[in-house]
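Colleague: This is the structure, below, for whatever I ask next.
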Amino acid sequence: MAELGIFKLYMLVMVRFGGMMVSAPILGARNFPAVAKIGLTALFALLLTPVLAPLKADLPEDALEYALMAAGELLVGISIGFVMTLVFAAVQVGGQIMDLQTGFGMMNVFNPAFESQFPIFGFFLFIVAVLYLLVTGGHRDMIRALAATYDHIPPGGFVARRELMWEVGTWGRHMFVDGLMISAPVATAMVLAYATLGLLNRAIPQMHLFVIGFPITIAAGLFVTALSLGVYAELFDGMFERMFEDVGTLIRGMG
């Protein structure tokens, strides 16, 4: 019977990790093989289960109660992955604004990580953000954050609080604010470029503004983006730091 209890606990840990593996950025990417996700989930659960604190009560014998407990574990993992995904959604918003300003808005590229169409600047900044997260060890911090949930939310201890759900909803505003901050350098340059082109058109009416406008705005957008990479690195650092702070708040609120 003891072996059965350990196996049931192992499955609950695996479900919680699985929830994050299907919803978190990078780890939950669509082009990340499903077999690898399952293998990593099983490995993480195998490493974590033996070091968990003893449960205050035995796991339920009833199948329905156990299924409800597993559903709560799944929600914990998915919720954490959702909060982490908001950062990359902000990158997509910023890229969309930059594309509309520079003239790239008429075309998109396929992002295999999300299996959806991405704006060109958004896809470029997405790659930069992923590389920055990997270089700074953010993928390891994501796993540590989920492992730390057991300090506040033991297996079966998930609680859905209305106040917490409302606060998580308000975090969505950061997505739009960060998106505007990401697009600010290029958007500012485009305002100046369009103003200059407007003055040139008034001074030289014979100039075909539509013909030369797109090459100028595209070149200016690429140039300003290249100059702003250092700014984006600092911005991504602040965004990821706040992301882990929000994850910590979420964990404490669900416990």
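Colleague: Among the residues of the stretch 129-149 satisfying the criterion of being hydroxyl-bearing (S, T, Y) and buried (at least 16 other Cβ atoms within 10 Å of the Cβ), which is modelled with the highest pLDDT?
Modeller: Step by step, filter the stretch 129-149, then rank; the result is Y132.
Colleague: Take the conditions within 24 Å of V177 (Cα to Cα), touching a helix residue (DSSP H, G or I) at 6+ places or on another chain (Cβ under 9 Å) and in a helix (DSSP H, G or I) and apply them to L222. Does it pass? Quick ask: steps written out before the conclusion?
Modeller: Details: within 24 Å of V177 (Cα to Cα): yes; touching a helix residue (DSSP H, G or I) at 6+ places or on another chain (Cβ under 9 Å): yes; in a helix (DSSP H, G or I): yes.
Against the criterion (within 24 Å of V177 (Cα to Cα), touching a helix residue (DSSP H, G or I) at 6+ places or on another chain (Cβ under 9 Å) and in a helix (DSSP H, G or I)), L222 qualifies.
Colleague: May I pose another question? Quick check on my filter: what residues within the stretch 80-104 are farther than 28 Å from V168 by Cβ and either β-branched (V, I, T) or free of Cβ contacts under 8 Å to residues at least 60 places away in the same chain (or both)?
Modeller: Residues satisfying the conditions are D99, L100, T102.
Colleague: Taking V15, is it crowded, with 20+ Cβ neighbours inside 10 Å, more than 30 Å from F123 (Cβ to Cβ) and touching a Ser or Thr at 6+ places or on another chain (Cβ under 8 Å)?
Modeller: So V15 does not fit the description; no.
Colleague: For G5, which of the numbered conditions (1) buried (at least 17 other Cβ atoms within 10 Å of the Cβ); (2) of a type outside the set (D, E); (3) over 11 Å from G77 (Cβ atoms) fails to hold?
Modeller: Going through the list (1) buried (at least 17 other Cβ atoms within 10 Å of the Cβ); (2) of a type outside the set (D, E); (3) over 11 Å from G77 (Cβ atoms), G5 breaks only (1).
Colleague: State which residue is modelled with the lowest pLDDT when the search covers only the stretch 101-128 and only residues that are in a helix (DSSP H, G or I) and aliphatic (A, V, I, L, M).
Modeller: Step by step, filter the stretch 101-128, then rank; the result is M106.
Colleague: Pull up the stretch 150-160, narrow it to residues that are assigned to a loop (DSSP other than H, G, I, E, B) and at pLDDT 75 or above, then point me to the one that is farthest from Y10 (Cα to Cα).
Modeller: This residue is V159.
Colleague: Which one of P54, P50 is loosely packed, with under 11 Cβ neighbours inside 10 Å and either part of a helix (DSSP H, G or I) or in contact with an Asp or Glu (Cβ under 7 Å, 6 or more places away or on another chain) (or both)? Spell out how you get there, then give the answer.
Modeller: Numbers: P54 fails: either part of a helix (DSSP H, G or I) or in contact with an Asp or Glu (Cβ under 7 Å, 6 or more places away or on another chain) (or both).
Exactly one of P54, P50 is loosely packed, with under 11 Cβ neighbours inside 10 Å and either part of a helix (DSSP H, G or I) or in contact with an Asp or Glu (Cβ under 7 Å, 6 or more places away or on another chain) (or both), namely P50.
Colleague: Within 25 Å of the chain's Cα centre (by Cα), modelled with pLDDT under 85 and assigned to a helix (DSSP H, G or I): which single residue out of G253, G179 fits that description?
Modeller: Values: G179 fails: modelled with pLDDT under 85.
Among G253, G179, only G253 is within 25 Å of the chain's Cα centre (by Cα), modelled with pLDDT under 85 and assigned to a helix (DSSP H, G or I).
The values are calculated or read from the model by the stated rules, or taken from the named source; none is laboratory data. In this text, all values refer to a predicted model and were calculated from it rather than measured experimentally. A quick note on method: Cβ atoms are made from the backbone with ideal geometry, for glycine too, and the neighbour counts reach across all protein chains shown.
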